[in-house]
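Presented below is the structure to which this report refers.
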Amino acid sequence: MKVSGFTFVRNAEKFDYPVVEAITSILPLCDEVVVCVGNSDDNTLALIESIPSGKIRIVHSVWDDSLRKDGKVLAVETDKAFDAIAADADWAFYIQADEVLHEKYIPAVRQAMEQYKDNKEVEGLLFKYIHFYGSYNYVGDSRTWYRHEIRVVRNDKAIRSYRDAQGFRKHGRKMRVKEIDAAIHHYGWVRNPYHMQAKQSNFESLYREKPTIAADALFDYSNEASLKLFDGTHPQVMQERIGRQDWDFTFDTKKKHFSWKNRLLHFIEEKTGKRLFEYKNYTII
């Protein structure tokens, strides 16, 4: 079985993306990792080159910043990386620049890839998600946070990144996937408030020509509707970054800033584990 990893990145240093940790976290599962490095205003290329692994293969890209509808440029860059993986790879592991795979899930992911390698009905593997917010101590638990997404796909170029690169589709339809017992740690909402604000302003520019978010302010983490304390462990590759946290954030987890409808739906989900009316960009088989 051959596995290729793939990702894309631009301005990782400027906006404090944990891309080194992201790539490093999937290296044990991959025979190669293709990193599509976009035209950057910082030392992103040198940062990727500094990762001590012969498995990494860099491809260079210039982003088309005019592709703003639904954040399409993100999907285009994802597809560039996917198209560059080894032709003889069986599976492709997609990791975004702010996502990390905990080492404890490596055996489960490898076992699933081996189990379904020859079952062509299975087009991808579905992961659970843990979304950190404000600091490494809190996770989002409201309905605004997606609970699952596809991160391993077959090496089939009929598979394309969907909309703004959150998931994938094949020939435009939802992919048939198996849910596995593994989770992605998403750190996209954890960084110094200065970097968070700059990142959000830049991210908005991918969707609209004139961003409304000021880049030079401090991000206000206090407006989230609901958070809970994280009671698990972080990936080993994240420990140094976590130790460098230079800001404080606390949140009253007892307070829920919900509408009455969302309060009811949140209560049902807590009691049953089921999320009513959940959007799913995949078909579980």
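Rule-based calculations on the coordinates, nothing more; no lab input. Small disclaimer: the values here were computed from a predicted structure and weren't measured. As a convention, Cβ positions derive from the backbone with ideal geometry for all residues, glycine included, and neighbour counts pool all protein chains shown.
For this structure, a couple of remarks:
- Translational diffusion of region 1-83 was estimated from the Stokes-Einstein equation, with Rh taken as the Kirkwood radius over Cα pairs; at 20 °C and 1.002 mPa s the coefficient is 163 µm²/s.
- Remark: region 56-63, residue by residue, has Karplus-estimated 3J(HN,Hα) of 7, 10, 9, 10, 9, 9, 10, 6 Hz, where x stands for each Gly or Pro and the curve is 6.51 cos²θ - 1.76 cosθ + 1.60 at θ = phi - 60°.
- Between region 221-266 and region 86-165, the Cα center-to-center distance that results, in Å: 22
- Cα-based equivalent ellipsoid, region 148-189: semi-axes from gyration tensor eigenvalues, Å: 20, 14, 8
- Cα-centre dipole for the chain with unit charges at Cβ (Lys and Arg positive, Asp and Glu negative), debye to 20: 1280
- 3J(HN,Hα) from dihedral phi, region 218-225, Karplus parametrisation 6.51/-1.76/1.60, rounded to Hz, x for glycine, proline: 9, 5, 9, 7, 7, 8, 5, 5
- Taking every alpha-carbon pair within region 20-171, the share separated by more than 25 Å comes to 32 percent.
- Contact order relative to length of region 1-130, as percent, for alpha carbon pairs under 8 angstrom and 6 or more apart: 37
- Against the compact-protein benchmark of 2.2 N^0.38 Å, the Cα-based radius of gyration of region 73-116 scales to 1.36.
- Square roots of five times the Cα gyration tensor eigenvalues for region 110-226, Å: 33, 18, 11
- Beyond 21 Å, the tail of the calculated P(r) for region 164-263 holds 59 percent of the Cα pairs.
- Structural descriptor for the chain: relative contact order 20 percent, calculated from alpha carbon pairs under 8 angstrom and at least 6 residues apart.
- Exposure rule at most 13 other beta-carbon atoms within 10 Å, DSSP loop GluC sites (Glu not before Pro): the chain longest free segment: 1-120
- For region 1-43, a simple Cβ point-charge model (Lys and Arg +1, Asp and Glu -1, everything else neutral) yields a dipole of about 160 debye relative to the Cα centre.
- Using C-alpha pairs below 8 Å separated by at least 6 residues, the relative contact order for region 91-246 is 30 percent.
- Across all directions, the shadow cast by the convex hull of the chain built on its C-alpha atoms averages 15.1 square nanometres.
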